[in-house]
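Shown next, in structure tokens, is the structure this report addresses.
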Number of protein chains: 2
Amino acid sequence: MTVLSQLVMAVCVVTSLGAPAMTVVDLTHQLGKDSLFWPGQPPFNFTILHRGYYQVWKTWFENNHLAVAEHGGTHIDAPAHFAEGHWRTHEIPASHLVGPGVIVDVTDKVKDNSDYAVTVGDLKAWEDQYGRIPDGAVVLMKSGWSKRYPDAKRMFGTETPEDDTTYHFPGFDEDAARWLAEERSVVAVGADTPTPDPGIKSHSFPVHQVLLPKDVVLLEFVANVESLPPSGATIVIGVVNLRDGSGGPARIMGLIGPDADTSGCAAGLGEGMGLAWLLSAGVLLTNRIARAQ
Amino acid sequence: MTVLSQLVMAVCVVTSLGAPAMTVVDLTHQLGKDSLFWPGQPPFNFTILHRGYYQVWKTWFENNHLAVAEHGGTHIDAPAHFAEGHWRTHEIPASHLVGPGVIVDVTDKVKDNSDYAVTVGDLKAWEDQYGRIPDGAVVLMKSGWSKRYPDAKRMFGTETPEDDTTYHFPGFDEDAARWLAEERSVVAVGADTPTPDPGIKSHSFPVHQVLLPKDVVLLEFVANVESLPPSGATIVIGVVNLRDGSGGPARIMGLIGPDADTSGCAAGLGEGMGLAWLLSAGVLLTNRIARAQ
């Protein structure tokens, strides 16, 4: 263990003992009339019920009504979306809606290839740098695509957004999805594109077919992924708790907090180093109890 | 400092150094046809667009549409709900949607008094036990009322839920709301009842009138508050990011995590004790660097 790594670890611990300084990254596009939906969905509607002084209550009063298809804007796919008998929205355990963020950066790779699909190699390269993908992780592709939102032509990568056979945007490849489902234990996989399947797979959806039957939640049109550290944020998937839903609009947030890793605090902190700290804490405790007695 | 307090603190730190063991408490009622709304709202609607085998994509496929008034079920009031020119839903900074939970337990006090309103004294009693209400806190009343959901008569405390002049359920009193707005710096105030104003104030809404113009978000019909510790949970308010909304359905969750206080870890941990730990960490660091060299 190097002196530098000890210094980094100590700073992490000191930070976690000081005042909380949590940063919240909003990973959610605004939901409104320009929100993007897969073709064929009923239109979004927002109705103002009241906006102005309300005589009965003697106060300013605003009140509105919302009509929205489940699968538009920043939203989730529940396992039941493609997998009969699997979790509908309200059946997803809350513990599957919160997890450590694993941010896979393919910004450079998509620059000349709108059809790029995250590979098992990309996931293993992340692990080489930040350690094994933690159980319960939320894996997000970072392609820079969300800056195109809500421009439908640029987001779907086509001159004809109404025709889903013409799409070009990046996603995950089928083998990467299978590796995440079978070799790791993740709760959600998402993308800053319309869906974790690349656009050219928009009629076969291999990532949906692999992950949803394994009860992995999918996140679509995720915003601001570029503001997350590669490791160490906690991702919270605030999906509407819709009974019998197949998905739904979600407020997705990244929490970069006192015990999160923004600077390599957890990255590379293997089991051995964790054990060393447990032992140190034990020694510290013993010493302090001895001094107090 | 007692040996016991040192032991408790050491266990807290050790826990935070070990594998993350975050507990997620879902504070959200299911959103469905039985969801409770204030009288006069348009009816909730859930439309199945497709549920069955979908020939085009050769897969099982479920897909639905949702229509919902903003102010029903577990939801928020944005400041604009009652305060002209103040934040609408999409304008609330994400940093105001996450904060340390301050759970004020009035379960015993409401047993014989459905009109009970949380007082400044109740808030000060919480502080006596758990320390000053932290900046950015989410203050939640715990009355046990959410177990009545979705029984409208029991939840609104009336035989005539359609008549909002007949309501009886607990909330906060006006002075307590003013104290939170002026003497402390909280981001949200919520209740496990229909609204933080007590039912008997359902035509004057003093808590709304005091807090919303101060840009404090209100949380209504919060579920499962009884599963939160009095201090130490992080509350995440996953409201739909609705453009120009005056509120909206929210997935509210409590995170009880490695650095949260479930057993008194943070409770009573005053500045002096925090400083002692900072110094200890410094000594530990110095020793370890010395040994490594």
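Summary table below
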{"read-out": "In the stretch B:8-39, the residues that are modelled with pLDDT under 95, facing chain A (nearest Cβ under 7 Å) and not in a loop (DSSP other than H, G, I, E, B)", "value": "B:Ala10, B:Val13, B:Val14, B:Ser16, B:Leu17"}
{"read-out": "Selected residue (criterion: farthest from the other protein chains (Cβ to nearest Cβ)) from residues of the stretch A:96-118 that are farther than 21 Å from A:Leu228 by Cβ and polar (S, T, N, Q)", "value": "A:Asn113"}
{"read-out": "Qualifying residue in the stretch A:149-159 (condition: within 14 Å of chain B (Cβ to nearest Cβ), more than 15 Å from the chain's Cα centre (by Cα) and in contact (Cβ under 8 Å) with a residue 60 or more places away in the chain)", "value": "yes"}
{"read-out": "Residue in the stretch B:72-79 that is farther than 17 Å from B:Val239 by Cβ and in contact with a Leu (Cβ under 8 Å, 6 or more places away or on another chain) present", "value": "no"}
{"read-out": "Count - residues of the stretch A:40-58 that are in a loop (DSSP other than H, G, I, E, B) and exposed (fewer than 14 other Cβ atoms within 10 Å of the Cβ)", "value": "5"}
{"read-out": "Criterion violated by B:Val118 - all others in (1) more than 19 Å from B:Gly73 (Cα to Cα); (2) in contact (Cβ under 8 Å) with a residue 60 or more places away in the chain satisfied", "value": "(2)"}
{"read-out": "Number of positions in the stretch B:168-218 that are away from chain A (no Cβ under 14 Å), surrounded by 22 or more Cβ atoms within 10 Å (Cβ to Cβ) and free of Cβ contacts under 8 Å to residues at least 40 places away in the same chain", "value": "1"}
{"read-out": "Residue count, the stretch B:55-80 (criterion: without any contact (Cβ under 8 Å) to a residue 24 or more places away in the chain and more than 9 Å from chain A (Cβ to nearest Cβ))", "value": "1"}
{"read-out": "Within the stretch B:251-266, considering residues that are more than 7 Å from chain A (Cβ to nearest Cβ) and at pLDDT 95 or above, the one surrounded by the fewest Cβ atoms within 10 Å (Cβ to Cβ)", "value": "B:Ile256"}
{"read-out": "Candidate set from the stretch B:231-247 (those that are at the interface with chain A (Cβ under 7 Å from one of its Cβ atoms) and in a strand (DSSP E or B)); member that is nearest to A:Lys33 (Cα to Cα)", "value": "B:Leu242"}
{"read-out": "Which numbered condition A:Asp163 misses (of (1) part of a helix (DSSP H, G or I); (2) over 19 Å from A:Ile252 (Cβ atoms))", "value": "(1)"}
{"read-out": "Residue match in the stretch A:119-134 (condition: aliphatic (A, V, I, L, M) and under 16 Å from A:Glu226 (Cβ atoms))", "value": "no"}
{"read-out": "Candidate set: the stretch B:151-160, residues that are part of a helix (DSSP H, G or I) and out of contact with any helix residue (DSSP H, G or I) (no Cβ under 9 Å at 6 or more places or on another chain); chosen: the one surrounded by the fewest Cβ atoms within 10 Å (Cβ to Cβ)", "value": "B:Lys153"}
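Quick grid of which residues meet (1) at pLDDT 95 or above; (2) under 17 Å from the mean Cα position of the chain (by Cα):
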{"position": "A:Asp173", "(1), (2)": "yes, no"}
{"position": "A:Val186", "(1), (2)": "yes, yes"}
{"position": "A:Thr195", "(1), (2)": "yes, yes"}
{"position": "A:Gly199", "(1), (2)": "yes, no"}
{"position": "A:His203", "(1), (2)": "no, no"}
{"position": "A:Val217", "(1), (2)": "yes, yes"}
{"position": "A:Pro229", "(1), (2)": "yes, yes"}
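The values are calculated or read from the model by the stated rules, or taken from the named source; none is laboratory data. Remember, it's a predicted structure, so these values are computed and weren't measured experimentally. Every residue, glycine among them, receives a Cβ derived from its backbone with ideal geometry; neighbour counts consider all protein chains shown.
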